Amino acid sequence: MKEKKRVYEALVDGAMEGLTGASLFEFVKARCPKATSKKIVRASLLALTDPHLKDRNILDVIYALAIKHRLDEGVLDDGDEDEPAELAPFQTVS
């Protein structure tokens, strides 16, 4: 869990500095050399659910990074038994 928190903090710090896309990814990798794309995507999802993060620009940058790496590499579909392979679909509330 400590590693995920460090990746999360690097991700938010980089986004707050104005980094986006590949620059943000490289910033996170520089601060957390052991971070894989999978860990960065998971930290991104953690950031997106953090109620303290309210800056739309930062959330948009993190969301874009997560989507890009999730789609480019299929990082959550690795058969990891500890984590779900896919996210539940969004449900609308009437």
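A few comments on the model shown:
- Integer Hz, Karplus 6.51/-1.76/1.60 couplings in order for the range 2-10, x for Gly and Pro: 4, 5, 5, 5, 5, 5, 4, 5, 5
- Averaging 1/r across all pairs of distinct Cα atoms in the range 1-66 and inverting the result yields a Kirkwood radius of 11.2 Å.
Each value in this text was obtained by applying a stated rule to the coordinates, not by laboratory testing. As the structure is a prediction and not an experimental result, all values here were calculated from the model.
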